[in-house]
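Below: one structure, written as C-alpha cells.
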Amino acid sequence: MPNNNKSGSKGTKNSTPAVSLETIRAVAAIGKTDNDTYRIKDGLKAAGAKWSPTARVWVFSSEKKAKETLKGLKAGAGVTVGEVDLTLLVGNTYPYRYVLPAFGGKFERAFEGWGFTDTKAAQRAFAALKVGTQ
C-alpha cells in the first residue's frame, strides 16, 4: 500500500506531527521600500539570498556575504544590511497549511517553516495546533 503521507515520514495515521516554535535572527538586505531590492533581485538570488515574504527582506547566510553582494551590485543608499527577527513554526506543518494563514503565517521557503511578524500570533497558532492534535 503506498504511503500518502506528504511529510515523507512513515508514521501511523494517528501519530502527532512534530511542530516547534522558534525565534531566529537573520542577516538581511533591507530596502527602504520594496522597489529598492526588487530592481536587484536577480543579483540577490544569484548570490544565494532568499526572499522572506513575512519580513519582506532578502535573507543571507552571513553578514559578510550580504555586504559583499550589495557592494558588487551597487545597490545604492536605499538598501542596507541589517538583522531581522522571525518567529517560525517548523516541523511537519503540511497538515496545517490551510489553517496557518488565518493566524497571519506565511510559508518561508528559506527556513522551511511558517513565518510570523507577530510573536503572539505565532504562539496562538502553535497552541491551536497542539490542542488540535491531542
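Taking only the Cα atoms of the stretch 26-83, the ratio Rg/Rh comes out at 0.89, with Rh defined as the Kirkwood radius. A straight Cα-to-Cα reach below 14 Å connects Lys74 with the aspartates and glutamates Asp36, Asp42, residues fewer than 8 places away in its own chain not being considered. Legend: residue pairs Lys64/Lys130; Lys71/Lys120; Lys41/Lys130; Lys65/Lys106; Lys41/Lys64; Lys50/Lys120, Cα-Cα distance threshold 30 Å; pairs beyond threshold, Lys64/Lys130; Lys71/Lys120; Lys41/Lys130.
Each residue of the stretch 39-47 is assigned a 3J(HN,Hα), and the resulting list reads 5, 10, 4, 5, x, 5, 4, 4, 7 Hz, derived from the Karplus form 6.51 cos²θ - 1.76 cosθ + 1.60 (θ = phi - 60°), x at Gly and Pro.
By definition, a body whose alpha carbon gyration tensor gives a ≥ b ≥ c is oblate when a/c is 1.5 or more and a/b is not larger than b/c, and the stretch 87-132 fits this oblate description.
Counting neighbouring Cβ atoms within 10 Å and putting the fewest first, the residues Val84, Val79, Val99 line up as Val99, Val84, Val79.
None of the figures in this text is laboratory data; all of them are computed from the coordinates on show. What you see is a predicted model; the values in this text were computed from it and never measured. For neighbour counting, all protein chains shown are included, and Cβ atoms are generated from backbone atoms with ideal geometry for every residue, glycine included.
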